[in-house]
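In what follows, a single structure is set out as C-alpha cells and then discussed.
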Amino acid sequence: GFTIADPWIARLDQELSRHFLLDAGWYSAKASTDWQTRDGRLLQNPHMHLLEASVAAYRATGAAVHKVRIFDLMNLFETRLIYPASNAIGEFKDELGQPTPDEGHIVEPGHHFEWAWLIGEAANLLQQSDWHALADRTFSFGLAHGLDRVHGGVFDAVSPDGQVLRDTKRIWPLTEYIKAEAVRITDPDPQAAARAQAALQHALSFFFEQYLLPNGGWRERLTRDLVCYDARMPASTPYHIYLALTQARTALERLI
C-alpha cells in the first residue's frame, strides 16, 4: 500500500537517474555540487548498494521503476563487474570499464559475500531462480580465497587469482560472510544445509569472541593473527553488525 515515504522515494529515484546515470550504462559514484562534473569510473561498491536500495524500494512500494533498475544492475554485474573466468569481482574500473592501473587488481572477499547475499534477496523477491547460480559463483570465490583457515576471519583484500594482498581483517567482511552463510542453511540439499549451519555457528562464535565487546562496542580491525590495531568504531559498522545478527537469528530460528 501507499506510504508517506513513497513520494520521497520517487523523487530521489528521479534525481538518481537524472544526475548519476552515465551514458556508459553505469552510475557515477559522485558528482560536484552543481552536477556539472561526475566521476565516470565504474566502481563496484556504489552499484552494490544501489542494488540493495532498489531491492528495498521495490519491496516497499512495488513500483516498476525499481524492478527495472534491479534487472539493469544485475545485468551490469554479470557483464561488467564479475570476471567470468575467476568469479572475482573487480573493485575499481576506469571510465571505459577496464581495471585501473593502480587499483584494478584489488578484490575484496567481503564484497563477494555481500553480493551473494544481496543477489539471493533479489532472486527471491523477483522470483528469478537463475540468479541463485550467480550468487553461488560469487560466494564460492570468497569461500575459496577470502577465509583465513589458520587464524580465522576474512582477509581484507586478495587478487583475482586468490593471492592475499591485505591480510588484515576488518569486522564488516566477517558480518557479510555470516549473512551469506545464514541464507544457505535452508538449502534443499541436506549436505549443503548442514555445512552452512556448521559454518554459520563457527563464524558467529568467532565474531563474538574476536570482535564484539561486552560494553556494546567492537574491535574494528585485526591483524592476521587477531591483534586489534585500530580501536576506532566507525559509524558505518553498526549497519553491518545489525544485519548480520538479525539475518543469523532469523535463519537459526527456522531450524527450531
Would you please name the residue that is nearest to the chain's Cα centre (by Cα), looking only at residues in the stretch 209-237 that are in a helix (DSSP H, G or I) and surrounded by 12 or more Cβ atoms within 10 Å (Cβ to Cβ)?
-> T237
Scanning the stretch 2-31 for residues that are of a type in the set (S, T, Y) and within 21 Å of the chain's Cα centre (by Cα), the one surrounded by the most Cβ atoms within 10 Å (Cβ to Cβ) turns out to be Y27
In the stretch 57-66, is there at least one residue being of a type in the set (A, V, I, L, M), closer than 25 Å to L243 by Cα and in contact with a His (Cβ under 8 Å, 6 or more places away or on another chain)?
-> yes
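Residue by residue, here is whether (1) of a type in the set (A, V, I, L, M, F, W, C); (2) part of a loop (DSSP other than H, G, I, E, B); (3) out of contact with any strand residue (DSSP E or B) (no Cβ under 7 Å at 6 or more places or on another chain); (4) more than 19 Å from V158 (Cα to Cα) holds:
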{"site": "R59", "(1), (2), (3), (4)": "no, no, yes, yes"}
{"site": "V65", "(1), (2), (3), (4)": "yes, no, yes, yes"}
{"site": "L76", "(1), (2), (3), (4)": "yes, no, yes, yes"}
{"site": "N87", "(1), (2), (3), (4)": "no, yes, yes, no"}
{"site": "L96", "(1), (2), (3), (4)": "yes, yes, yes, yes"}
{"site": "D102", "(1), (2), (3), (4)": "no, yes, yes, no"}
{"site": "H111", "(1), (2), (3), (4)": "no, no, no, no"}
{"site": "G120", "(1), (2), (3), (4)": "no, no, yes, yes"}
Starting from the stretch 178-207, keep only residues that are under 17 Å from W115 (Cα atoms) and open to solvent by 70 Å² or more (accessible area, probe 1.4 Å), then list their pairs with residues that are of a type in the set (V, I, T) and at pLDDT 95 or above whose Cβ atoms are within a distance under 7 Å, requiring at least 6 positions of separation or different chains.
-> none
Confirm whether G153 is of a type in the set (G, A, S), more than 23 Å from R219 (Cβ to Cβ) and more than 14 Å from the chain's Cα centre (by Cα).
-> no
Filter result (at pLDDT below 95 and touching a His at 6+ places or on another chain (Cβ under 8 Å)) within the stretch 13-32 | D13
Under the condition of being among the hydrophobic types (A, V, I, L, M, F, W, C) and open to solvent by 10 Å² or more (accessible area, probe 1.4 Å), which residue from the stretch 67-110 is nearest to D167 (Cα to Cα)?
-> I106
Selection status of T175, within 22 Å of the chain's Cα centre (by Cα) and either in contact (Cβ under 8 Å) with a residue 24 or more places away in the chain or surrounded by 15 or more Cβ atoms within 10 Å (Cβ to Cβ) (or both) | yes
Test: residue in the stretch 149-169 that is touching a Ser or Thr at 6+ places or on another chain (Cβ under 9 Å), within 28 Å of I70 (Cβ to Cβ), open to solvent by 10 Å² or more (accessible area, probe 1.4 Å) and at pLDDT 95 or above = yes
For the subset of the stretch 5-57 comprising residues that are among the aromatic types (F, W, Y) and either assigned to a helix (DSSP H, G or I) or free of Cβ contacts under 8 Å to residues at least 24 places away in the same chain (or both), which member is nearest to R80 (Cα to Cα)?
-> Y27
Which numbered condition Q44 misses (of (1) within 15 Å of the chain's Cα centre (by Cα); (2) open to solvent by 50 Å² or more (accessible area, probe 1.4 Å)) = (2)
Given the structure, is D94 out of contact with any Pro (no Cβ under 8 Å at 6 or more places or on another chain), at pLDDT 95 or above and more than 17 Å from R41 (Cα to Cα)?
-> no
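The values are calculated or read from the model by the stated rules, or taken from the named source; none is laboratory data. Just so you know, these numbers come straight off a predicted model, no measurement behind them. Neighbour counts are summed over all protein chains in view; Cβ atoms, including those assigned to glycine, are modelled from backbone coordinates with ideal geometry. The protein model used for the area step is the full one, side chains on, heavy atoms only, and it has no ligands, DNA or RNA in it. Shrake-Rupley method; radii C 1.70, N 1.55, O 1.52, S 1.80 Å.
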